[in-house]
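Participant: This is the structure, below, for whatever I ask next.
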Amino acid sequence: MKFGVFLPNGSNGYLISKAIPPYPPTWELNKTVTIEAERQGLDFVLSMMKFRGFGGDTGYWDACLESFSLMSALASVTTRIGLIPTVTILALHPAYVARMMATLDDISGGRAALNIVTGWNKPEYEQMGLWRGEAYYTQRYEYALDYVHILRALWTEGRVTHHSRFFDLEDCRCLPMPAHEIPLVSAGQSSAGRQFVAHIGGYSFAMTAPERLHALAADLRQQASARRTQVGTYALFHLVAEETDEIAWHRARAIAAAGDIEAIQNVVRSASMDSVKDGTTEQLRDAATTDAGLLAGDIETAHMAFMGCPALVGSYETVARKIDALATDPNIEGLLFSWPEWVSGIRHFGERIIPLLACRQGWEPATMGGLRGSGRPSHSG
Ligand SMILES: Cc1cc2nc3c(=O)[nH]c(=O)nc-3n(C[C@H](O)[C@H](O)[C@H](O)COP(=O)(O)O)c2cc1C
């Protein structure tokens, strides 16, 4: 079981709550978090990209450090941990991204993977004149397939000719080629998003509660085996771990009760523009439209103060048990976490939770971190 950090490179991390004093996404914070994660033996860090935040009293995600430049700087202050920047494919040409990834591969000595984001929040791209029209909602994973085709051709051949309804490249050159294979990640939650991962072979990052997660991971594996590709599912959770269950639940409930309603409404409004309804939009809608109101979701399933993402709540022992329960599923290769307090949260995770985990017994952090390899202890293959 591999573990990663969903870096706080957007303001206020992943909690839309006034219980956390607003904080900016600085280099200093992201560097400290990443160095602590590497020290605690975690496997990778992933930074996101958001071009337009959601405001409210907390200014949720109003500021966001650029993902590639951040990862490049992190590569030079770390030695082992895997680094996953996010490409928003509407904003950057694939030949440009192929070159940035070859550069990051070189700087990091092969520790880089790439998170592909299609763009599902129209206001982000419309403000830059980059939105491709309403049809893009349903075409976005076809566009992404074309995009990945170009990236991989440039990474393996150093040149590509590709004419399609989306791209027009004639003998396009891109050197150097990366010295290592670049694993691809997608966090698409819709059926089209998961089909995309099965098609290209890569890692699917799921944002759903454990009950649904197992079915999604099995379905992805099945789709991949039909296509003869290799895939792995990773699941995203908030981690609220304290000395006792009582303290942890007190903390989680305080975060939930102080949700920033205006920012949450803006998140939901933006997501509901999406004409594809079976992915994150559905998860957010379910979290946000209970009769009791925007803050009534279940904290361990989907609560809007937690960005609609499930949380693992409890004492260090309880959380360790919950992680071990997830790890019994062979289709789940790893977990991606965010914390209310980043540096102490990661330190406690490494010092108090990891030693209790059956799924990490015998685990030796890879000398070259990241997503490659089985995610199982080295001695058991
Ligand atoms: C771990 C993770 C990272 C994500 N990173 C970004 C990001 O950086 N930018 C973004 O716009 N969306 C991001 N998303 C959203 C997804 O990429 C995806 O577009 C969204 O969940 C909608 O899924 P769908 O496109 O399959 O409908 C992320 C989601 C998860 C779970």
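Participant: Is the range 36-58 home to any residue that is within 13 Å of the ligand (Cβ to nearest atom), in contact (Cβ under 8 Å) with a residue 12 or more places away in the chain, small (Gly, Ala, Ser) and part of a loop (DSSP other than H, G, I, E, B)?
Facilitator: Yes - at least one qualifying residue is present in the range 36-58.
Participant: Scan the range 269-297 residue by residue and report those that are at pLDDT below 70, open to solvent by 70 Å² or more (accessible area, probe 1.4 Å) and within 21 Å of the chain's Cα centre (by Cα).
Facilitator: Within the range 269-297, 285, 286 qualify.
Participant: In the range 149-257, which helices (runs of 4 or more DSSP H) lie fully inside it and hold 1 or more residues that are within 14 Å of the ligand (Cβ to nearest atom)?
Facilitator: So the answer is 191-200, 210-227.
Participant: Moving on. Just one of the numbered conditions (1) part of a helix (DSSP H, G or I); (2) out of contact with any helix residue (DSSP H, G or I) (no Cβ under 7 Å at 6 or more places or on another chain); (3) in contact (Cβ under 8 Å) with a residue 12 or more places away in the chain is not true of residue 28; which one?
Facilitator: Going through the list (1) part of a helix (DSSP H, G or I); (2) out of contact with any helix residue (DSSP H, G or I) (no Cβ under 7 Å at 6 or more places or on another chain); (3) in contact (Cβ under 8 Å) with a residue 12 or more places away in the chain, residue 28 breaks only (3).
Participant: For the range 103-129, how many residues meet the condition of being in contact with a Leu (Cβ under 8 Å, 6 or more places away or on another chain) and either more than 10 Å from the ligand (Cβ to nearest atom) or without any contact (Cβ under 8 Å) to a residue 40 or more places away in the chain (or both)?
Facilitator: Of the residues in the range 103-129, 7 are in contact with a Leu (Cβ under 8 Å, 6 or more places away or on another chain) and either more than 10 Å from the ligand (Cβ to nearest atom) or without any contact (Cβ under 8 Å) to a residue 40 or more places away in the chain (or both).
Participant: Also, I was wondering about something else. Please go through (1) touching a strand residue (DSSP E or B) at 6+ places or on another chain (Cβ under 9 Å); (2) within 24 Å of residue 160 (Cα to Cα); (3) touching a residue at least 60 places away in the same chain (Cβ under 8 Å) for residue 99 and return the number of the only condition it doesn't satisfy.
Facilitator: (1)
Participant: Also, I was wondering about something else. Return the pairs, sorted by first residue and then second, in which the second residue is more than 16 Å from the ligand (Cβ to nearest atom) and not in a strand (DSSP E or B), the first residue lies in the range 297-326 and is more than 19 Å from residue 3 (Cβ to Cβ) and of a type in the set (Val, Ile, Thr), the beta carbons are less than 6 Å apart, and the residues are 6+ apart or on different chains.
Facilitator: 299/252; 299/256
Participant: Could you pull out the residue among 92, 7 that is without any contact (Cβ under 8 Å) to a residue 12 or more places away in the chain and closer than 30 Å to residue 143 by Cβ?
Facilitator: That would be 92, the only listed residue that is without any contact (Cβ under 8 Å) to a residue 12 or more places away in the chain and closer than 30 Å to residue 143 by Cβ.
Participant: Also, quick follow-up: Scan the range 97-129 residue by residue and report those that are at positive phi and either of a type in the set (Asp, Glu) or surrounded by 19 or more Cβ atoms within 10 Å (Cβ to Cβ) (or both).
Facilitator: 119
Participant: Within the range 360-380, is even one residue open to solvent by 60 Å² or more (accessible area, probe 1.4 Å), modelled with pLDDT of 95 or more and of a type outside the set (Lys, Arg)?
Facilitator: No, the conditions are met nowhere in the range 360-380.
Participant: Follow-up question, since we're still on this one. Name the pairs: first residue in the range 228-244 and under 19 Å from residue 305 (Cα atoms), second residue β-branched (Val, Ile, Thr), Cβ to Cβ under 7 Å, at least 6 apart or on different chains?
Facilitator: Pairs found: 235/332; 239/319; 240/313; 241/319; 241/353.
Participant: A further question follows. Restricting to the range 62-85, name every residue that is buried (at least 22 other Cβ atoms within 10 Å of the Cβ) and β-branched (Val, Ile, Thr).
Facilitator: Listed by number, the residues that qualify are 81, 84.
Participant: Among the numbered criteria (1) at pLDDT 95 or above; (2) open to solvent by less than 10 Å² (accessible area, probe 1.4 Å); (3) within 11 Å of the ligand (Cβ to nearest atom), which single criterion is violated by residue 140?
Facilitator: If we test residue 140 against (1) at pLDDT 95 or above; (2) open to solvent by less than 10 Å² (accessible area, probe 1.4 Å); (3) within 11 Å of the ligand (Cβ to nearest atom), just (2) comes out false.
The values are calculated or read from the model by the stated rules, or taken from the named source; none is laboratory data. As the structure is a prediction and not an experimental result, all values here were calculated from the model. We place every Cβ from the backbone using ideal geometry, glycine too, and count neighbours over all the protein chains shown. These accessible areas exclude ligands, DNA and RNA; they are computed on the full protein's heavy atoms, side chains included. Shrake-Rupley method; radii C 1.70, N 1.55, O 1.52, S 1.80 Å.
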